[in-house]
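K.L.:
Input: one structure, supplied below.
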2 protein chains.
Amino acid sequence: MASERDEEGGTGTLGKAMSVLEAVALAERPMRFTDVLAVSGQPRGTLHRQLSHLVQEGLLELRPDHAYVPGLRLLKLASASWARNEFRAVAAPFLEALHRQTGETVHLGVLRGREIIYLDKVESRQAVRMNSQIGNASPAYCTGVGKAALAALDAEALDALLSGLEFRRFTPQTITSRAALLDELARIRLSGIAFDREEHEPGIRCVAAPVFDAGRALVAGVSVTGPAYRVGEVQLDDWAPRVRHAAGAIMAELSARLGPQR
Amino acid sequence: MASERDEEGGTGTLGKAMSVLEAVALAERPMRFTDVLAVSGQPRGTLHRQLSHLVQEGLLELRPDHAYVPGLRLLKLASASWARNEFRAVAAPFLEALHRQTGETVHLGVLRGREIIYLDKVESRQAVRMNSQIGNASPAYCTGVGKAALAALDAEALDALLSGLEFRRFTPQTITSRAALLDELARIRLSGIAFDREEHEPGIRCVAAPVFDAGRALVAGVSVTGPAYRVGEVQLDDWAPRVRHAAGAIMAELSARLGPQR
DNA sequence: AACTCAGTTCCAAATAATGGAATTTTTGGA
DNA sequence: TCCAAAAATTCCATTATTTGGAACTGAGTT
């Protein structure tokens, strides 16, 4: 039994709570009770209690005007998550080197499901702040790091991810078919380099290379990104070897630092 | 009834899950099952299921060597929490102005219970990265922003916070008695300025001013911080009016931007 | 081979979550 | 200011999930 019931948001009570939390936290604007009710599809009473619990736990905040906004406890947890991420720590010096070599923005992103989550970013100008990009998620199929990461997956895992994937067209260049994506991934596997020529955001180009570690079940990517007016084909080709080299160096350091054994 | 039962980690299943999550996420080093068992005080079976759920939800990650580490979903949630925080957004330009005026590190922290949670930080040198400080929590009674925030509380709220508060001595200058803290808060209320002369970390001094908004139930503080060798009494006194001014400007902007009404 | 310790699975009993409907509060229009 | 409609909150018998002691597995040791 229960063949088609369990799909997402499934871990008993916790799963439901998290799915409500995410709905509220990732919404563009503050949501009131009824807004949440509409997207959550849960009965009034149930949802109300779930929200109350989330508020009591400090994961959400209930403003005086009845709007639910993300709570501060999330920040506390995330700073730990970021500061203690070993992969990020290992990669950091290589990202900085890559930034010095290119002068453009460098990203580190890991694959999580069909999304890329940005773990780190090195950028020149701009005041020092938690970058809004860090922690952000983008679809894997239309970003440089995303495609690089997908190319590092084995056939089985890739197939699982791709089944049922819906392609959304972000720009005229976005890849919107499974066949085209598979072609692109084959090309990336051969060259070890993924390009993003304004496929996700108009005016933004990037070069990326895969970083993976089977032993740690880690699939990620590094990239150098810049505005199209500054970054032409020549520039992309010039950066490609440097990005590939950085990716290789990170992988080498990973196995050296975190043990070639276990 | 239920007089001494409910205290912390109390919101049914969610509360227990969060308390386990926090124990793992805020630990210094990765914890294995038995380590968590020791601190959580829960039965084996129960804890095992809770951890499994947290892993399934992506809040924790279970490494191949059986160590639990914070998961990536936390980052995703936190970036939303940070990016969408209206108070932070309103204060940001004033923090930057304060940084330009002083050349030293500027903090914005809000009071949550007995702790100060740092919401933002502006700092000069140092590569651009999510600052480890953001999202960090420190005890309120021994930090500049913390004392400033406490001074903005009314007698009743302050009393509730102080009852049962344990003073930990971080440095020889740390305030370690309720009476001394109340004296200090009275002084802060008069002058509108809180100093931290190496009370929390040796070699670190700071000037802070309270930022609060009764309508929004917001109690916070802004500060300028620097190393003792560069920051003497003269410097502190010189910055004090600027910090107080920035705090005032933030409060004014708050009521202007987010509505003088509700 | 026997032992130990860490991790995992099992299942009847206990507990917390559910959800439909009633109640209270807020909103905004007359 | 008052009233009606909408939104938010509370209630509680039913139902589903969590609980936790104990038994099991398996890797590493003596």
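K.L.:
Roughly what would the spin-label model give for A:Asp183 and B:Leu62, points 7 Å off Cα along C-beta, in nm?
P.N.:
If labels sit at A:Asp183 and B:Leu62, their model points lie 4.2 nm apart.
K.L.:
What are the nm distances, shortest first, from B:Thr13 to its equivalents in the other copies, labels at 7 Å along Cα→Cβ?
P.N.:
From this label point to the equivalent ones elsewhere in the assembly: 0.6 nm.
K.L.:
Shielding of B:82-91 by partners, i.e. mean partner chain Cβ atoms within 10 Å per residue?
P.N.:
Counting Cβ atoms of other protein chains within 10 Å of each residue's Cβ and averaging gives 4.
K.L.:
So what's the angle, to the nearest 10 degrees on a 0 to 90 scale, between helix B:233-257 and the longest Cα principal axis of chain B?
P.N.:
Computed tilt is about 70 degrees.
K.L.:
Build a GNM of chain B with springs between Cα atoms under 10 Å: which of B:Gln173, B:Gln50, B:Gln235 gets the top mean-square fluctuation?
P.N.:
Of B:Gln173, B:Gln50, B:Gln235, the most mobile in the Gaussian network model is B:Gln50.
K.L.:
Taking the axis about which chain B rotates onto chain A, which residue of B lies nearest it as judged by Cβ position, and how many whole Å separate them?
P.N.:
It is B:Ala78, 1, counting Cβ atoms only.
K.L.:
Is it possible to state the helix-based mean residue ellipticity at 222 nm for the protein assembly as shown, with each DSSP H run of 4+ residues giving -39500 (n - 2.57), the sum divided by total residues, to the nearest 500 deg cm²/dmol? What is it?
P.N.:
For the protein assembly as shown, the value works out to -14500 deg cm²/dmol.
K.L.:
With viscosity set to 1.306 mPa s and temperature to 10 °C, compute the Stokes-Einstein D of the range A:13-127, Rh being the Kirkwood radius across alpha carbon pairs; µm²/s, no decimals. Write out the running numbers ahead of the final one.
P.N.:
Details: Rh = 16.6 Å.
Estimated diffusion coefficient is 96 µm²/s.
K.L.:
What's the angle, to the nearest 10 degrees (0 to 90), between helix A:12-25's Cα axis and the longest principal axis of chain A?
P.N.:
70 degrees
K.L.:
Find every distance from the label point of A:Thr176 to the corresponding label point in the other copies (7 Å from Cα along Cα→Cβ) and write them in nm, one decimal, shortest first.
P.N.:
Computed spacing set for this position: 7.0 nm.
K.L.:
Let me ask something else about it. Using the 7 Å Cα-to-Cβ label point, sort the distances from A:Glu253 to its equivalents in the other copies shortest first and give them in nm to one decimal.
P.N.:
Output for A:Glu253: 3.7 nm, nearest copy listed first.
K.L.:
Name the long-range amide H neighbours of A:Arg112: under 5 Å, sequence gap of 5 or more, or other chain; modelled H, no Pro or chain starts.
P.N.:
Excluding prolines and chain starts, which carry no amide H, the hits are A:Ile117.
K.L.:
Can you list residues whose amide H is under 5 Å from A:Ile204's amide H, if they're 5+ apart or on another chain and H is modeled 1.01 Å from N?
P.N.:
When sequence neighbours closer than 5 places are left aside, the close amide H contacts are A:Glu198, A:Ala228.
K.L.:
When Lys and Arg each count +1 and Asp and Glu each count -1, what net charge do the other residues less than 15 Å away from B:Phe195, Cβ to Cβ, add up to?
P.N.:
Net of charged neighbours comes to -3.
K.L.:
Can you give the percent of C-alpha pairs in the range B:71-119 whose distance is more than 14 Å?
P.N.:
Pairs farther apart than 14 Å: 62 percent.
K.L.:
Other chains near B:15-25: what is the mean number of their Cβ atoms within 10 Å of each residue's Cβ?
P.N.:
If you average over the peptide's residues, the count of other-chain Cβ atoms is 3.
K.L.:
For Cα pairs less than 8 Å apart in space and 6+ apart in sequence, what is the mean separation divided by the residue count of the range A:85-257, i.e. the relative contact order in percent?
P.N.:
Numbers: 320 pairs, mean separation 41.8, N = 173.
Relative CO of the range A:85-257 lands at 24 percent.
K.L.:
Report, largest value first, the span of the C-alpha coordinates of the protein assembly as shown along each principal axis, in whole Å.
P.N.:
Computed over the Cα atoms, the extents are 71, 58, 50 Å.
K.L.:
Still on this structure, I have one more. What residues qualify as long-range amide H neighbours of B:Glu61, i.e. H under 5 Å apart, gap of 5 or more or another chain, H built at 1.01 Å from N?
P.N.:
Placed amide hydrogens put B:Val69, B:Gly71 under 5 Å from B:Glu61.
K.L.:
Right, something else. Could you estimate the translational diffusion coefficient of the range A:72-227 from the Stokes-Einstein equation, with Rh from the Kirkwood formula over C-alpha pairs, at 10 °C and 1.306 mPa s, in whole µm²/s?
P.N.:
99 µm²/s
K.L.:
To the nearest 0.05, what FRET efficiency results for B:Ala228 and B:Leu26 with a Förster distance of 30 Å applied to their C-beta separation?
P.N.:
Efficiency for this residue pair is about 0.55.
K.L.:
Follow-up question, since we're still on this one. Report, please, the projected area of chain A averaged over directions, based on the convex hull of its C-alpha atoms, in nm².
P.N.:
Quarter of the Cα hull surface area: 17.1 nm².
K.L.:
Quick check: net charge around B:Pro210, other residues with Cβ under 12 Å of its Cβ, Lys/Arg +1 and Asp/Glu -1? Walk me through the numbers before you get to the answer.
P.N.:
Numbers: positive: B:Lys147, B:Arg189, B:Arg244; negative: B:Asp213.
Net charge in that neighbourhood comes out at +2.
K.L.:
What does the structure give for A:63-75 when I average, per residue, the other chain Cβ atoms found within 10 Å of the residue Cβ?
P.N.:
That average works out to 6.
K.L.:
Compute the long axis of helix B:72-83 from its Cα atoms, compare it with the longest principal axis of the Cα atoms of chain B, and write down the angle in degrees, 0 to 90, nearest 10.
P.N.:
Roughly 30 degrees between the two axes.
K.L.:
Sticking with this one: Just grab the label-to-label distance for B:Ala155 and A:Leu190, each label 7 Å out from Cα along the Cβ direction, in nm (one decimal).
P.N.:
For B:Ala155 paired with A:Leu190, the spin-label model returns 8.1 nm.
K.L.:
To one decimal place, what orientation-averaged projected area in nm² is obtained for the convex hull of the Cα set of the range A:12-75?
P.N.:
Computing the convex hull of the Cα atoms and averaging its projections yields 4.1 nm².
K.L.:
For B:Lys16, list the aspartates and glutamates whose Cα falls under 13 Å from its own Cα; do not include residues on the same chain fewer than 8 positions away.
P.N.:
Within the straight-line limit of under 13 Å, B:Lys16 reaches these aspartates and glutamates: A:Glu57, B:Asp6, B:Glu7, B:Glu8.
Rule-based calculations on the coordinates, nothing more; no lab input. Computed from a predicted structure; not experimentally measured. Every residue, glycine among them, receives a Cβ derived from its backbone with ideal geometry; neighbour counts consider all protein chains shown.
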